[in-house]
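In what follows, a structure is listed as structure tokens, so that the remarks can point back to it.
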Amino acid sequence: MNIKTTIINNKRKTIIISIILICMVTGIIYIQSNSDYYAKKVQEQEAVKQKEDEAKQKVKDKEIADKFIDNLNNRQIAECIKILNDSHIDVNYKLDDGQTLYNKALNIALEKSADIKNMPTDYFPLFDKMNSTADKTLIKFYTNDLNYTQLNFLGCIGINTPNKKTEPVTSNKNTTTPNTQTSNSIKPKTQNLTMNGLELLEHSASKDGYYITGKIKNNNAFNCSYVEVQAKITNNNGDVLDTPIANVTSLKSGEIWSFKIPVIVDTSSPYKYQIINMKCNP
């Protein structure tokens, strides 16, 4: 009787343990399946949210790009730079017409310089800002039939020019400073000029006569947020032909800036130049 009871009790224990194990396994499977279900739900919700955020960002980017282009068309360069700084929009952002924001800005600037007498130097700070991250392999010009002003503008902002034209330069062409420096000379000349804490170290005219290049040092104890250098170009009779400028948006104390001033005059005729002004904004 005792042996039979013991066997029955052992069977009951085995059954109970089996039931407990089955319940535990079932519970674990249930919990795991629920965990997977909720994890999948969370992923789906995150994916939906990401798509919604991307859609909102696209709308926002388009609004920013449209505002940028509108200001650029109205030549509000400072506002354009502010938009870039505040929004951090990618300058390679694709517009509805397939152009990048940078490419659109470039073509607008070229349109503004269609008049050979109107070099858009006010655009230089904007392209100084955009050039570092722009994908220049995506550049497409509205036309390759560009005038000298447009070609010079592209050269000043570091863009390879399409079908660059060259004017014949006669051997007796004389592109000079008051001390007479020919355009065929590439040896830089010094000019004793210090103004607003800026020191003109050297200058020269390019061989083709299209540019006046030189170096300026910031001798101020402070950094300049904007530096501008201006030249006066005259003919042999002393008539002023142009007063072009070059600028840079930052020049640290003690730093040297290599400038490049475009010459927008008939470079096939003799001309003289002189650096007449340098300014530094703290």
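On the basis of being within 17 Å of the chain's Cα centre (by Cα) and either closer than 22 Å to GLU228 by Cα or among the small types (Gly, Ala, Ser) (or both), does LEU72 make the cut? Yes: the conditions hold for LEU72.
Checking each residue in segment 55-68 for being touching a helix residue (DSSP H, G or I) at 6+ places or on another chain (Cβ under 8 Å) and either without any contact (Cβ under 8 Å) to a residue 24 or more places away in the chain or in the same structural domain as ILE81 (by TED's automatic domain parsing) (or both) picks out only LYS67. Before we move on, is ILE64 in contact with a Lys or Arg (Cβ under 6 Å, 6 or more places away or on another chain), assigned to a helix (DSSP H, G or I), within 25 Å of SER132 (Cα to Cα) and of a type in the set (Val, Ile, Thr)? Criteria not met by ILE64. Suppose we keep only residues that are touching a residue at least 60 places away in the same chain (Cβ under 8 Å) and of a type in the set (A, V, I, L, M, F, W, C) within segment 225-282. Which one would you say is nearest to PHE127 (Cα to Cα)? In this case the residue turns out to be VAL248.
So is VAL240 touching a helix residue (DSSP H, G or I) at 6+ places or on another chain (Cβ under 8 Å) and modelled with pLDDT under 90 or not?
So VAL240 does not fit the description; no.
The number of residues in segment 207-234 being farther than 19 Å from ILE157 by Cα, assigned to a strand (DSSP E or B) and over 23 Å from the mean Cα position of the chain (by Cα) comes to 5.
Return yes when GLU52 is under 30 Å from LEU241 (Cβ atoms) and not assigned by TED's automatic domain parsing to the domain that holds VAL229 and no when it is not. No; evaluated as a whole, the condition is false for this residue. If a residue has to be over 19 Å from the mean Cα position of the chain (by Cα), at pLDDT 90 or above and β-branched (Val, Ile, Thr) to count, how many in segment 243-260 make the cut? Residues in segment 243-260 being over 19 Å from the mean Cα position of the chain (by Cα), at pLDDT 90 or above and β-branched (Val, Ile, Thr): 2 in total. Taken over segment 118-144, the criterion of being surrounded by fewer than 17 Cβ atoms within 10 Å (Cβ to Cβ) and without any contact (Cβ under 8 Å) to a residue 40 or more places away in the chain is satisfied by ASN118, ASN131, SER132, LYS136, THR137, TYR142, THR143, ASN144.
The values are calculated or read from the model by the stated rules, or taken from the named source; none is laboratory data. Here the structure is a predicted model, which means the values were calculated and not measured. Positions of Cβ are generated from backbone atoms using ideal geometry, with glycine treated the same way; all protein chains shown enter the neighbour counts.
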